[in-house]
1. When the stretch 183-197 is examined, which residues are found to be modelled with pLDDT of 90 or more and farther than 17 Å from T221 by Cα?
2. Among the residues of the stretch 192-216, which ones are more than 21 Å from T90 (Cβ to Cβ), free of Cβ contacts under 8 Å to residues at least 40 places away in the same chain and not charged (D, E, K, R)?
3. Cβ-Cβ distance below 6 Å, separation of 6 or more or different chains: which pairs start in the stretch 147-159 with a residue that is over 22 Å from R219 (Cα atoms) and end on one that is modelled with pLDDT under 90?
4. Can you confirm whether the stretch 112-128 contains a residue that is polar (S, T, N, Q), under 19 Å from A208 (Cβ atoms) and in contact (Cβ under 8 Å) with a residue 24 or more places away in the chain?
5. So which strands (runs of 3 or more DSSP E) are wholly in the stretch 136-238 and hold at least 1 residues that are at positive phi?
6. Only one residue in I152, I111, I175, I210 is touching a His at 6+ places or on another chain (Cβ under 9 Å), of a type in the set (A, V, I, L, M) and farther than 28 Å from S14 by Cβ. Which one?
7. Is it fair to say L122 is more than 29 Å from E222 (Cβ to Cβ), within 18 Å of the chain's Cα centre (by Cα) and part of a strand (DSSP E or B)?
8. Here are some conditions: (1) surrounded by fewer than 22 Cβ atoms within 10 Å (Cβ to Cβ); (2) on the phi < 0 side of the Ramachandran plot. E91 meets all but one. Which one does it not meet?
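The values are calculated or read from the model by the stated rules, or taken from the named source; none is laboratory data. Only a predicted model underlies this, so the values are computations on that prediction, with no experimental measurement involved. All Cβ positions, glycine included, derive from the backbone under ideal geometry; neighbour counts span all protein chains shown.
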Amino acid sequence: MRTIPVAHAFLFYSKDKSGSVVNAEFLDSSYKVPGGDWLSSAPDMARFEVAILTDRLIKRVTRDIMWTPQMPSDGLGRMVYGLGWQAGTTEGVGDVGHGGSQQGTSAMILIAPDARAGVVVLINSDAAGASELASQLLEIVLGLPPGDHKEITVDPKLYDSYLGSYDVSSVVMSIVREGDHLFAQINGQKNELFPESVRDYFFKTFDAQITFVTDGNGRATELLLHEGGTDVHANWIK
């Protein structure tokens, strides 16, 4: 592995197919300065959150516009997204944030405006999920009890109303049934869904939940994916 050449510097890491930690591939991200080329620190990003919350950086009316979710004209699957800000909930508390990952990094800032609270997670590895950790930290900051999703028993015939393909921000998620079990499949990965109500389901392998939105006949027309403090609408396409 490469060594750190100077004091206070750091390297970027990934994991190979065996799960071993390795140096991340080199990335010259200068071609996308606003989308991943800025270097900062968690304290500086926390100061940015404070400035946003106290109206010191921009006017409140401007902030409210930025945080208002937009509806794309094509009406297809979409994030609950404002102007550069994702929106969602953390255990029922409304939040906004922005995050992402690239070679060797994962980052997320998450703010609960009504509670005037926020968290920042910056990780020098693309093998760790900053958004999931940020959501968990925000729960602690807000003093919320840990999300306890309890599995209930439902009639497996109900699953037939949710089967099909959904457009998740230009990626297809398939909801499939195998016997009495329901699964979500995306990019070749299949994970079982467990019911906590007739329309609300959760994953046990990672911290995410799905809510099915149905028509008057109980047939799903879209699903809402809750993950890492952000929500994504996904329309049923077939």
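1. Scanning the stretch 183-197 gives F183, Q185, K190, N191, E192, L193, F194, P195, E196, S197.
2. G216, the sole residue that qualifies.
3. G147/E91
4. no
5. Fully inside the stretch 136-238 and qualifying: 164-168.
6. Result: I210 is the single residue among I152, I111, I175, I210 that is touching a His at 6+ places or on another chain (Cβ under 9 Å), of a type in the set (A, V, I, L, M) and farther than 28 Å from S14 by Cβ.
7. yes
8. Status for E91: all satisfied but (2).
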